[in-house]
Every structure is written in C-alpha cells, then in structure tokens.
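What follows is a single structure, written as structure tokens, with notes after it.
The values are calculated or read from the model by the stated rules, or taken from the named source; none is laboratory data. From a predicted model like this one, the values you see are computed outputs, not experimental measurements. Heads up, the Cβs are rebuilt from the backbone with ideal geometry, glycines too, and the neighbour counts pull from every protein chain shown.
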Amino acid sequence: MTIATDRATALGATTNDVGQAGLIFNDAVRLSEGGLWAEPADSSNQLNYASMYEADISALKADITLAMTDGATVNGTAVTPSNPNTLSEILGQLNDLAAAAPQAVGNSAAAIAAQGIIHTEQQQILSEIANDTNLQHALAANGVTNPGTGATDQGFQSLPAQAADDSAAIATAKAGASLSDIGTVFNAATNLAAGGLNSHNLAEFNADMKAVAAGLQNFINNGGLAEIQANSAAEHALALSEGISDSAAQALTGVHLQTVLNQVELQINDFDATYATNPNVAARATNDNLLDIIDIVQTDPALAASAGNPTATAANFTAGTFVPSHDGGFANQAGYLQGTITHFQDNQAQTDFWSAFIAGANNLNNALTAEANGTAHLDNAGLNALIQQVQGYEQLGASFDGAQGGIFGARFDNELLGGTLKADTNTALQALHDVLNNGGTVSATDAAQLIAAGDGYVGDAQDVSGNNNPNGGGTYVGTATTVAGATTTQIADANTPTSGNVDGNDQPTDHPVKGLTNNGFGVTDPHAGAGAGSPVSAGSGSTTDQAAHSTSMLSGAIAGDIASLVQALEGGQTSAISAAVATLTAAISGNSGSTAVSSNAGSSQGGNESILTADAGNAAGFSDQFSHVSHHLQFEHMWH
C-alpha cells in the first residue's frame, strides 16, 4: 500500500501497516503539543484537539492490534520486529493513552496527572520504536514528505534530539553566541510541552523560553544577525523564493528573527500565564505559537543554516533541495495529517476584518516599495501620513484580534498581537523615520527594509486569511487592494468597522481588552452572562473605557475612521483620502491609549494622494511584482 498523508484515508480503514500507523501517532503527538483543549467544542469549524487525539489513539489501537495478528508491514513490505514484544508493549501504552486522554484537559489535579501520562507514554512508544532495529530501519527507509511542514517524516517520528535545558545549556543559550545553541533549549521546551503544560512543568518551560528570549536578543545585538545575513547563498535562495533582491532578503531575515523573538515574548508574557485561568485557550495558543516559530526558522534558509539544519547548504540552495529538518536547533516536529487542522469559519465581522487586512497589506506594500525603488518621492507630509497608516494597520490587527478572544485569539494572537505584524511594522517605521530624518533620502538599507516590511505584510495577510473561510462561502483573494475584492464572493463590507472593542458578532463587548491578555469576549469565548454566540449588551466598551487601555486598543471613533479611510482608498478620490487621513490623524492624536503615534502626526494631512490607492499606484508606475504569494511563512497556521 501507499502510505497516506491525509487524515480521512489514514483513519478511514484499519491496517497492519506500521508506517501508516506511525503517521497517525505523529498527528497525535503534534496535537498534544502545549496540551489538549476541548472548550468550546468544535467552534467555528475548529475541531477540538481532545476529540481528534482520542480518535487518533483509537485508530492506532486497531492498527497495532491488526499488525500483531496479521503480521506487521511497512509500506506494504512485511517486517518482523526485532523484539517480539514491541508491538504488544506499544498496544499497552496506547491503552494508557486512551484512558488518560479524556481526563487531560484543564488544570485540575486529575488533568495534570493525565497530561503527565500522555507525555511519558508518548516518549515511551518512541523509545520502543527507536530500540527495535528492524522496525526503525524499515520506518526510516519509508519516510514521506509531509505536505504541511515540507519535512520528511517517518512513522513514529522521534522528537528533536538536539535538546537540553540543564544549567549549562541555559547559560550557553542566554549568551546568544549561536542560534543552534539557543534552538537546543527551544527544542527542550517543545519536547517538554508535548502532552500539556501545567503547574508541574510550566516553571521549567517558562525558564527555557526566557533563556531563548535572552539569547535571541543578545544574538541580534552582538552581531549574530549580521553574520547570518552575510550567508549570500542562503539569502539568495530566500530572495528567489520571495521575488525580491538579495539585500531585501537580508532585511527579511532580520524581520523573521525579530518575529521569532516577538512570539517567544508573547509566550512568556501571555500564554504561559493563561494556563492558570483558561487552559483551553492557552493550550491552543501555545500549540500554534511554538509550531509557528519552528516554521519561521525552518523556512528561512539563512536562519535554518545558522540553527544547524543539515540540508541548509550552498549546494542544496543551488539545487533547490533545501527542506525543513528534524535536526539542529528549532528542529521540526513531526507533522499533522492533511485535514487535521481545518480552516477557521469566519462570521461577517471577521470576514470584513480579513478583507480589510488583505487590502491594507497590499496597498501598504505598494506604497513602501514605491518609496524604496524611487517611483514615489514623498515629502515630509507624505512620509508622516504613511507612518500613520503603518501604525494604524498594526492597531487594526491588534485591536480586532484582542476583542475576539477565545479560539480566534488563540489561533491568531501570534500573528496579530506579537508576531510578524509587529516585526513588519517596526521594520517599516525604522526605515520611514530614517528617510524622514535624512530629508527624504532613501538609503540602500532603508530601501531593503521597506521592501522586506511590505513583503512581510503581504505574506502575513495571505497566509492567515488563506486559512479562513469567508462568511457565505468562497475564498479570500490575497492580492486584492480593495475590501470588496478581497473575497471571491465580494461579500465583505467596507462600511462595517472592523476594529475596536467589538466581538465576533460585531457588537460592543462587555469586557474591554488589553493587548497581550487575550481576555476579550467573542463568539468563541462568549460573555458569561450571555448565551453562546449571542451578542452582549450594547453600549459597553465605550470610547471612554477604551482610551484607558493599551496601544492595541482603538476607540470606536478610530474604528469608524479606518472604515472611512478604506472606503476613500477604494474610491481613489484624492480629496476624500486626504480628508479621511486627516480625521484619522486627529482621532489617533486625541486617543490617550495610543502611545505609538509619531510626534509628527499632526502634520501628516495631505501629501498622500499617491500612497495607498491602487489607481494612483499604477499611475505612478508601480509594477505588478507584488502580486506574488509570499513563501517565507508558507506553512504556518495551515498545519497548526
């Protein structure tokens, strides 16, 4: 038989093929990363991991039982285990997992005990396979390319071997001399998280992540990033995949590494603490966050080479044979079966948001690239306007995500609160402020950063929206520059505010949201006093309340102003765009909660006629080079 990599086929029929069973086991282990979750069950087309894990273990028990009675095969070839007791021992361990799984959700004493059983028994099964020479050789010889991660997985794929978090490893990681050393501690943290995080192991995990964060910061500050960027073969490979220059690829690698640091800090500052208050959301968020970090490193050739990926060589870059690896630091975990992670089903408010997010990304990319390549020469007013639009775009993402809460927040926090959106924005702002301070002169470094930030915006928007289903059907159009054009059904509405303190029903929430706390109420985490999915009381979440909160909040006025700006951009009328920017500027300047706005915000009206509209961009000579699909984060979310 041919080993299937999709969930429906793999779980659809009992087989004696240990290779096929091993891919189901890989799926289960990946589901357990960070812990299983069950509430709210099957929300927005998101199947809860607890039920999927139990289904995996049930299928595995049947497969191993058949292999014991009919004889084991791997990819259709008969294999006799070296130890005649290997399969029976694995079956016993699977029985333990089946008994523990229904108890493993949450932070009760019983849940913690069950999580410990899952962690231990999964490791034990991997040891059984590794110590059985015949099975291990057969499985290793029949690895398959995982369609989600791009790595070659064997059945019963072992966890990353380069993993350590003893005192010496922690100290070495903190020093930040090597991305491989930092990744070794990160691997230890991800191995520890398999089965779940709780009061028994969270302190060790948190210490590991803090060591990784300190090491990454030191690595960036002390020349490690510059050394990575000097890997010309790796950066050229990244440039080719992205359709950008080598210098822009170098800047993009910097964005990727900063994104990794941002997401590690998000884990430390938010998700780890959430295990005490909402372990379901914490488990879902941690799973997505850790696996996403691995994807970022493993799909950037320069980062992968520095982290110790053995396929990240100049010869492989030239031949196009570089792939993510299970070896080295930030090593790949075994992949999901195709179909395990489903698209998030958006309601209308979420559809409106993603559509605005896509259109904003493409328009900002066009504007930043035009400034970088000289097809636009913005004066001070135009630069200040573009700075505001970059800041507003980041707040658009952060405020909407924060107000959704629940599983929406758990799945997309690492994109919209502390990950690549933040890194892209900081990179764009650094370059724009540099251009502004140098009298409009765009240096080579500025140009590279502007292109990298724009590419990052587009890649992020295409990636995350591509893992959502718009309300009413159809798909998102990642290259769209208008809200209406961002879905194939043109169902999105630019008139609907998509930011501020609004829940998944586009109603004011009863609980103001602060960035990095993921404590908003939405359809996936409804207000305690309301029915599931029902709107909470109107009138709450007022502008007065919101102004007191963090920079990820937008007032209702600013939300409306952003919607007006989007409408003006679609219309292509320069006077309407200028008026909308002026109104948004005034609202942001008057919002006490928005500390990220430039001190020059007041002088930014006007001068933006050629910045964000598609029509103006074409008139200015923009090329269509930015319609490509960004690849640097191509695997994230789809397989998390």
Name the single residue, out of those in region 339-368 being assigned to a helix (DSSP H, G or I) and among the hydroxyl-bearing types (Ser, Thr, Tyr), that is nearest to Asp446 (Cα to Cα).
Ser355
Test: residue in region 91-113 that is crowded, with 24+ Cβ neighbours inside 10 Å, part of a helix (DSSP H, G or I) and β-branched (Val, Ile, Thr):
no
Suppose we filter region 297-325 for residues that are buried (at least 24 other Cβ atoms within 10 Å of the Cβ), not hydroxyl-bearing (Ser, Thr, Tyr) and not in a loop (DSSP other than H, G, I, E, B); how many remain?
8
Quick check: anything in region 282-291 β-branched (Val, Ile, Thr) and over 21 Å from Ala428 (Cα atoms)?
yes
Check whether at least one residue in region 29-39 is in contact with a Gly (Cβ under 8 Å, 6 or more places away or on another chain), in a helix (DSSP H, G or I) and of a type outside the set (Ser, Thr, Tyr), and report yes or no.
yes
The residue from Gly405, Gly397, Gly418 that alone is over 21 Å from Gln258 (Cβ atoms) and modelled with pLDDT under 90 is Gly405
Considering each residue of region 292-327, count those that are of a type in the set (D, E, K, R) and closer than 19 Å to Gly176 by Cβ, and give that number.
1
Against the condition in the same structural domain as Ile358 (by TED's automatic domain parsing), modelled with pLDDT under 90 and small (Gly, Ala, Ser), how does Ser465 come out, does it pass?
yes
Test set (1) buried (at least 24 other Cβ atoms within 10 Å of the Cβ); (2) within 30 Å of Thr120 (Cβ to Cβ); (3) modelled with pLDDT of 95 or more - Glu204 fails condition number:
(1)
Complete set of residues in region 230-267 that are more than 17 Å from Ile293 (Cα to Cα) and buried (at least 21 other Cβ atoms within 10 Å of the Cβ)
Asn231, Ala234, Glu235, Ala237, Leu238, Glu242, Ile244, Ala248, Ala249, Gln250, Ala251
Does Tyr336 fit the bill of being part of a helix (DSSP H, G or I), touching a helix residue (DSSP H, G or I) at 6+ places or on another chain (Cβ under 9 Å) and of a type in the set (Phe, Trp, Tyr)?
no
Selection within region 195-241 - touching a helix residue (DSSP H, G or I) at 6+ places or on another chain (Cβ under 8 Å), small (Gly, Ala, Ser) and closer than 30 Å to Gly35 by Cα:
Gly195, Gly196, Ser199, Ala207, Ala211, Ala213, Ala214, Gly215
Test for Gly148: is it within 20 Å of Trp37 (Cβ to Cβ) and of a type in the set (Gly, Ala, Ser):
yes
Just to verify a result, which residue in region 435-457, among those that are part of a helix (DSSP H, G or I) and of a type in the set (S, T, N, Q), is nearest to Ala359 (Cα to Cα)?
Gln449
Mind telling me which of the residues Thr311, Thr286, Thr274, Thr259 ends up being of a type outside the set (A, V, I, L, M, F, W, C), out of contact with any Asp or Glu (no Cβ under 7 Å at 6 or more places or on another chain) and more than 18 Å from Lys210 (Cα to Cα)?
Thr311
Listed residues Thr299, Thr313; which is more than 19 Å from the chain's Cα centre (by Cα) and either more than 25 Å from Leu421 (Cβ to Cβ) or not hydrophobic (A, V, I, L, M, F, W, C) (or both)?
Thr313
Output for region 405-434, where each listed residue is aliphatic (A, V, I, L, M), part of a helix (DSSP H, G or I) and surrounded by 24 or more Cβ atoms within 10 Å (Cβ to Cβ):
Ile407, Ala410, Leu416, Leu421, Ala423, Ala428, Ala431, Leu432
Taking interchain pairs and intrachain pairs at least six residues apart, which have beta carbon atoms under 6 angstrom, with the first residue in region 330-356 and closer than 30 Å to Leu216 by Cα and the second of a type in the set (S, T, N, Q) and in a helix (DSSP H, G or I)?
Ala331/Asn187; Asn332/Gln298; Ala334/Asn26
What's the total number of residues in region 40-64 that are in contact (Cβ under 8 Å) with a residue 40 or more places away in the chain and in a helix (DSSP H, G or I)?
13
Count of residues meeting criterion [of a type in the set (Gly, Ala, Ser) and buried (at least 21 other Cβ atoms within 10 Å of the Cβ)] in region 116-147
1
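Do any helices (runs of 4 or more DSSP H) entirely within region 121-195 hold 1 or more residues that are within 15 Å of Ile24 (Cα to Cα) and out of contact with any Pro (no Cβ under 6 Å at 6 or more places or on another chain), and if so, which?
Because the criterion is at least 1 residues that are within 15 Å of Ile24 (Cα to Cα) and out of contact with any Pro (no Cβ under 6 Å at 6 or more places or on another chain), the helices (runs of 4 or more DSSP H) in region 121-195 that meet it are 133-140.
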